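The numbers here are math on the coordinates, done by the rules we state, and not lab data. The structure displayed is predicted, hence computed values, not measured ones. Quick reminder, even Gly has a Cβ in these numbers, built from the backbone with ideal geometry, and neighbours come from all protein chains shown.
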């Protein structure tokens, strides 16, 4: 017996958009089963996880806070993935962006000025961009696989952060805690509301999603992104540079991840800590796919994945579910999106049962 | 159904009343499109039966159902008068149906015997298979060395592997899809001897070809399809190529109007172009030199895989040519320039491969125009795409070149090969280029579309453009070109006026000019 995947003629447009919905439904179902194995009432657990956070104004704001980095990174990754470049190291670019921006914040600590925050944002974006430049250069110059290089550089970035907060950037008055000084008000993201943590980063997220949407749908550069990803030979025919696209897509996604990093550090966190991300850079990969690599879709996907973080915290408090359940949920969701996408493009064909001709007598 | 070995009859009754294979009322629907609509076909043992039709007439669909690759929506197949449902190719092979595809599925790095053993069912030693390969291939005049690696073989020899692979299964029906499209005239002649021999042994052959001369010479029966329906059955020996074409197309094919062109100054030239291929199995170009004058059409004949792809990449600038060569456009040296810079000098290019090279299947036609127009400043204003302009441009091309579209501005992948080709050629010709380079302008295109495309090329030359047509199709070369060079193993022969050379002469050049490119040994001059 052999199991083959056979391409369907043309996958239906409706199904391509339904795919994430189906994946979400199956994920909830499997999640329910997981909860019942943990001895919890599945419906109640799912309620705590996915509905309760939506019933409370503070948590709705938190949803936006968590979605902000996911969307910023996710739209960048969409461009990357559309062009067939696989930046898996957004987490590292996020961290380097956070570090670079923080360095500006700490350099001008105690000073006031409207220019500090924009400078931090630029430094953050540059930090992420430079960290993405390495895998881009390796790919363009040596044909090194960017999946591996960008992923490995993530761990390098995490070590650099750890070193800095324990060494050069540690707050001298911080009782030896591994953390930097709290940023001064001029180096902190303005809040959008009173009494919440929703900050200017959310605006960046929406603006970047719209900007990338225009880039992809209206400009020749966006056309180049799509053609490069879908038909590399046609891209060569159109005179688009393959290496140019490697740099463009990786640097763009790196810069957006870096911007997300400094927005997070200068926003909800307010100082540099040994850990500044609960895996936003990785979760954003799921966001990009769930949002169909469509910048507007990414906004919704970002909100949904943000919900898994908040629901996870909720469940930890109310149901004593381990925090790792969030990661499990995200993993199950990615698994089912990829499975749904595959089954929408291909049908499973089981062949090879003997292979004898079926004779039906004479007629 | 153990094997057909024992049941293989050396002397099949010449006039068997029961057809070997009969397809009755076969319908195959893809959504609302009927690729086959109540098609009937019956083949007698020992018959060489032609299946004719334009591209998209439903030939491949019908053949795929016979070979178990597709299942009919309705209708029945009969094998020796027994109703059969052919579920997969393995089952078709067990019945005794062998198929030689147009595109080979061979592993370049493996030997002939290894490639054949991959297709064989059951446990057999490689030595055993190699022995049988030698035996079968020699007895049918298809000499093969089992230990040669496939990448070192010519296209004709590769086709032999596919044929021998089928013969080892002792088929009673052999389906051949455009087998001579990759052969020189001399190689094709040898193939016909083999096919006639098989037919004499009672093997039925279903022969798909668009070369009607060949069909008339070889086949004793023909089934003609048009738009998925049977339109005629005939004995091709009693028809003329023109009458066969009329049945296929349903109307007379427009003759190309000869033009009274005068050649002017040299508009495009290449000198001393040599380049080692980056691909291990690619072809190294060796000292290619050519020049084309205004109003002139130069044909580059040759069997696929002799360096045409590599040459096109360098001519177009998709790949930058080495500094030792000189490429000039209107007397301006462009050797180091990329494809867009060359476009800006008024050159247009049509690559061979439609899907994924000359067009992006998932993008609509108006977006596909951008592939070649963005570089010359059309349709793009400060980085933004002008969708109104691309839409107008592509609908002009659609109208002017009679591209049949299922709906306004469809995705390229929804067009048939012929229509997409008309679109691609039309897109470039609409730019009124001073130099046009076309690789296989009518490859896999139906007769009507081919006539449209060839006429457009001739008309462009009349306006004073210089044109290079790279083509495997000798009929095409003789129809449109003023002069012809032959590419063989990466070398280009000097151009000869098409009036001064015939098929035979070109065929000999295709076989190789020097001793090193002589791949076939002594028997290539057998007849």
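Here are the numbers for this structure:
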| quantity | calculated |
| --- | --- |
| Viscosity 0.692 mPa s, 37 °C: Kirkwood-radius Stokes-Einstein D of the range A:9-158 over Cα pairs, µm²/s | 173 µm²/s |
| Two-decimal ratio, the range B:54-143, of alpha-carbon radius of gyration to 2.2 N^0.38 Å | 1.32 |
| Taking B:73, B:223, A:342 and counting other C-beta atoms within 10 Å, the order from fewest to most | A:342, B:73, B:223 |
| Percent breakdown of C-alpha pair distances by 20 Å bin, ordered from the shortest bin, for the protein assembly as shown | 13, 36, 32, 16, 3, 0 |
| Rg/Rh (Cα only; Kirkwood hydrodynamic radius) as it applies to the range B:165-223 | 0.93 |
| Neighbour-count ranking [beta-carbon atoms within 10 angstrom, fewest first] of B:290, A:111 | A:111, B:290 |
| Bins of 10 Å from zero: percent of alpha-carbon pairs in chain B | 4, 17, 26, 26, 18, 7, 1, 0 |
| Dimensions in Å of the range B:67-111 - Rg and Dmax from alpha carbons | 13.7, 43 |
| Cα-based convex hull, the range A:221-363, per residue volume (Å³, whole number) | 262 Å³ |
| Percent antiparallel among DSSP beta bridges (both partners in chain B, rounded to 5) | 55 percent |
| Share antiparallel - DSSP beta bridges, the protein assembly as shown, percent rounded to 5 | 60 percent |
| Alpha-carbon centroid distance for the pair the range B:69-145 / the range A:231-250, whole angstrom | 41 Å |
| Residues A:160, B:457, A:317, sorted so that the one with the fewest Cβ neighbours within 10 Å comes first | A:317, A:160, B:457 |
| Kirkwood hydrodynamic radius (C-alpha pairs) into Stokes-Einstein, the range A:286-347, 10 °C and 1.306 mPa s, D in µm²/s | 127 µm²/s |
| Bridge type composition, the range B:157-298 - antiparallel percent by DSSP, nearest 5 | 70 percent |
| Solvent-free Debye scattering, log10 I(q)/I(0), computed from the Cα coordinates of the range A:69-320 at q = 0.13 Å⁻¹ | -0.79 |
| Coordinate range along principal axes, alpha carbons of the range B:109-170, Å, largest first | 29, 26, 15 |
| Residues in the range B:291-322 that a label on residue B:266 would reach, taking backbone N under 14 Å of a point 7 Å out along Cα→Cβ | B:291-294 |
| Linear extension gain, residue A:160 paired with residue A:345, 0.36 nm per residue minus alpha-carbon span | 62.4 nm |
| Calculated [θ] (222 nm, deg cm²/dmol) that DSSP helices of n ≥ 4 give over chain B, each run adding -39,500 (n - 2.57) | -9000 deg cm²/dmol |
| Cubic angstrom per residue, convex hull over Cα atoms of the range B:300-422 | 133 Å³ |
